Amino acid sequence: MPHFNWNDSLNLLSKLSWRRFWNGLKVLGSYQVSKWTGRPVQWGYPISISFEPTTSCNLRCPECPSGLRAFTRPTGMLQRDFFSETIDQMHKELLYLVFYFQGEPYLNPSFLDMVHYASRKKIYTATSTNAHYLDDGNAKRTIESGLDRLIISIDGTTQEVYQQYRVGGQLDKVLQGARNIMKWKKELKSKTPFVVFQFLVVKPNEHQVEAVKELAKEIGVDDVWFKTAQIYDFKNDPNQLIPVTDKYSRYKKTGEGYVFKGRLANHCWRLWHDPVITWDGLVAPCCFDKDAAHRLGDLKEKPFREIWKNAAYHEFRSKLLRGRKNIDICSNCSEGTKVWENG
């Protein structure tokens with residue numbers, strides 16, 4: 001869970017235009033009206049989106065579709081022209097852009113060019129990486145691209161522990177990548193990106209929570225975030241990943257196995273402000289729909305503004321307001337779980 005940071009927050013606010021502010025008020029207002037009435041209305045356009053640079057990944061993490069090579073949808077790379085055309089449709093209202101859904105963003109050769117394009121539109125840009133490709137050249141290009149937030153996944157402070165979840169990964173590459181970023185940030189006198197170590201707390205690494213805080217201080221990153229792990233078969237936990245420490249777990253143990261701790265209220269802010277777009281233009285409701293099974297539109301066929309308020313979106317929001325527990329992707333969602341510890 002993130003700390004509040006003045007510099008990062010002021011940077012985000014600097015991207016706010018009157019049009020984006022007014023759009024945000026409309027989206028928030030329509031969300032509140034939808035909650036009160038139980039009937040979906042949508043007055044604005046997305047405040048934030050997640051755009052998938054690629055489904056490819058160099059690692060084999062056991063709870064990740066990219067790592068498991070388990071997609072049923074097509075896999076591939078986001079094309080720069082398609083990205084820029086989509087952003088041109090959305091940028092006047094769009095405040096925040098996450099370059100991540102599945103896969104490792106730096107495997108897309110055009111990734112940093114797309115970041116630069118969005119930055120020129122004064123959109124706050126963020127990404128999440130396993131940091132194996134942050135060599136000296138890519139680190140410098142990352143700073144120059146204008147990226148606003150860089151989340152580095154670091155799920156262990158020793159190679160032995162790190163590789164238990166980040167299968168096939170090399171911790172020394174991750175740490176050197178982080179050092180390269182901090183070096184170029186200093187040399188180029190840049191305030192961005194805001195650099196975060198994100199620690200996915202699982203059973204093999206939960207004893208290293210304090211150690212990763214010390215490692216972050218040593219390297220000089222801006223913050224450490226601790227994240228609870230989504231386990232697909234949480235009742236049985238076949239990979240033995242659910243941590244013993246309760247505050248770092250989305251699940252609690254019962255006599256019949258683990259159960260999800262979250263309470264699924266029949267509303268969800270994500271469906272009103274933050275869609276997901278796959279590399280090939282499918283519009284999914286949120287980041288929990290890993291395989292884009294709930295396809296609400298296709299940007300290869302229709303522009304985003306038509307999709308955002310189409311019948312499929314209306315029906316999905318209606319279904320959510322009627323009963324979120326009946327939607328498969330909501331059953332394991334972190335919305336509604338207990339807030340976990342900050343770094």
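The values are calculated or read from the model by the stated rules, or taken from the named source; none is laboratory data. Owing to the predicted nature of the structure, the values given are computational and were not obtained by experimental measurement. A quick note on method: Cβ atoms are made from the backbone with ideal geometry, for glycine too, and the neighbour counts reach across all protein chains shown. To get the accessible areas, we keep the full protein, side chains included, count just its heavy atoms, and leave off ligands, DNA and RNA. Shrake-Rupley method; radii C 1.70, N 1.55, O 1.52, S 1.80 Å.
Which one is least open to solvent (accessible area, probe 1.4 Å), of the residues in region 236-252 that are basic (Lys, Arg) and farther than 19 Å from Cys61 by Cα?
Lys247
Taking region 132-148 as the range and being open to solvent by less than 30 Å² (accessible area, probe 1.4 Å), hydroxyl-bearing (Ser, Thr, Tyr) and closer than 13 Å to Asn180 by Cα as the test, only Thr142 passes. Filtered by the rule that a residue be in contact with a Lys or Arg (Cβ under 9 Å, 6 or more places away or on another chain) and farther than 30 Å from Tyr251 by Cα, region 184-207 gives Trp184, Lys185, Glu187, Leu188, Lys191, Thr192, Pro193, Phe194. Mind checking which residues of region 220-268 are hydrophobic (A, V, I, L, M, F, W, C) and under 20 Å from the mean Cα position of the chain (by Cα)? Of everything in region 220-268, those that are hydrophobic (A, V, I, L, M, F, W, C) and under 20 Å from the mean Cα position of the chain (by Cα) turn out to be Val221, Val224, Trp225, Phe226, Ala229, Ile231, Cys268.
In this structure, is Ala216 in contact with a strand residue (DSSP E or B) (Cβ under 8 Å, 6 or more places away or on another chain) and on the phi > 0 side of the Ramachandran plot? No; evaluated as a whole, the condition is false for this residue.
Within region 1-52, the set of residues being under 25 Å from Thr129 (Cβ atoms), in contact with a Phe, Trp or Tyr (Cβ under 8 Å, 6 or more places away or on another chain), in a helix (DSSP H, G or I) and open to solvent by 40 Å² or more (accessible area, probe 1.4 Å) comprises Asn7, Leu12. Per the conditions (1) open to solvent by 40 Å² or more (accessible area, probe 1.4 Å); (2) of a type outside the set (Gly, Ala, Ser); (3) out of contact with any Lys or Arg (no Cβ under 8 Å at 6 or more places or on another chain); (4) under 23 Å from Leu97 (Cβ atoms), the sole criterion not satisfied by Lys122 is (3). When Gly156, Gly169 are checked against the criterion of being under 15 Å from Arg60 (Cα atoms) and either at pLDDT below 95 or open to solvent by less than 50 Å² (accessible area, probe 1.4 Å) (or both), a single residue qualifies: Gly169.
Checked against the criterion of being touching a His at 6+ places or on another chain (Cβ under 9 Å), under 20 Å from Lys185 (Cα atoms) and aliphatic (A, V, I, L, M), the candidates Ala131, Ala126, Ala118, Ala139 yield just one match: Ala118.
Name the single residue, out of those in region 92-119 being at pLDDT 95 or above, under 22 Å from Phe197 (Cβ atoms) and of a type in the set (Phe, Trp, Tyr), that is most open to solvent (accessible area, probe 1.4 Å). If we take residues in region 92-119 being at pLDDT 95 or above, under 22 Å from Phe197 (Cβ atoms) and of a type in the set (Phe, Trp, Tyr), then Tyr96 is most open to solvent (accessible area, probe 1.4 Å).
Can Asp237 be described as modelled with pLDDT of 80 or more, in contact with a strand residue (DSSP E or B) (Cβ under 7 Å, 6 or more places away or on another chain) and charged (D, E, K, R)? So Asp237 does not fit the description; no. Scanning region 58-72 for residues that are open to solvent by 60 Å² or more (accessible area, probe 1.4 Å) and modelled with pLDDT of 70 or more returns Arg60, Thr72.
Residue by residue, here is whether (1) open to solvent by 30 Å² or more (accessible area, probe 1.4 Å); (2) closer than 15 Å to Val259 by Cα; (3) acidic (Asp, Glu) holds:
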{"site": "Lys186", "(1), (2), (3)": "yes, no, no"}
{"site": "Lys191", "(1), (2), (3)": "yes, no, no"}
{"site": "Val196", "(1), (2), (3)": "no, no, no"}
{"site": "Val201", "(1), (2), (3)": "no, no, no"}
{"site": "His207", "(1), (2), (3)": "yes, no, no"}
{"site": "Ala211", "(1), (2), (3)": "yes, no, no"}
{"site": "Gly220", "(1), (2), (3)": "yes, no, no"}
{"site": "Val224", "(1), (2), (3)": "no, no, no"}
{"site": "Thr228", "(1), (2), (3)": "no, yes, no"}
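The residues in region 195-239 that are over 19 Å from Thr158 (Cα atoms) and in a loop (DSSP other than H, G, I, E, B) can be counted, and the count is 12. Of the residues examined, Ala139 is one that is out of contact with any Asp or Glu (no Cβ under 8 Å at 6 or more places or on another chain) and either farther than 14 Å from Pro53 by Cβ or among the β-branched types (Val, Ile, Thr) (or both).
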